[in-house]
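Only the coordinates and a few stated rules stand behind these numbers; no lab work does. The shown structure was predicted, so the numbers you read here are calculated from the model rather than taken from an experiment. For neighbour counting, all protein chains shown are included, and Cβ atoms are generated from backbone atoms with ideal geometry for every residue, glycine included.
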Amino acid sequence: MKVRDIMTNHVCCVSPDMTLENASKLMCGADIGVVPVCDSSGIVGILTDRDIITRGISQGCASSETVARVMTKSVASISPDADIKEAERRSWLCFTLYAPVTVNRIVDYVPLS
């Protein structure tokens, strides 16, 4: 089985300069707990609801603070043609539950849990 067989097809992205309030509203409205953070060069991070809580709210960040302040910056992406076993192996190595999927800078993601 390939990553493309299980990846999400419709992905919302946020920019590093988006406010936490706006990113949270987007995530809530889409009923998702993770979004890739992208700029003109591609993926620069990933933002999870846990990032917002542990690096934002619990640290006293205002809702006007930017996504860049709390996002996870080290992200290992994977190809949609990769085998699902490779995605699982990477999740264990990177201690992550999500892996962004990239094809020519088009972003998607696959849940690894």
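Farthest towards the positive end of the charge dipole of region 1-96, among the residues ALA30, SER63, GLY45, is the Cα of GLY45, using unit charges on the Cβ of Lys, Arg, Asp and Glu.
Overall, the anisotropy analysis places region 1-46 in the oblate class: the square-rooted eigenvalues a ≥ b ≥ c of its C-alpha gyration tensor yield a/c not less than 1.5, with a/b not exceeding b/c.
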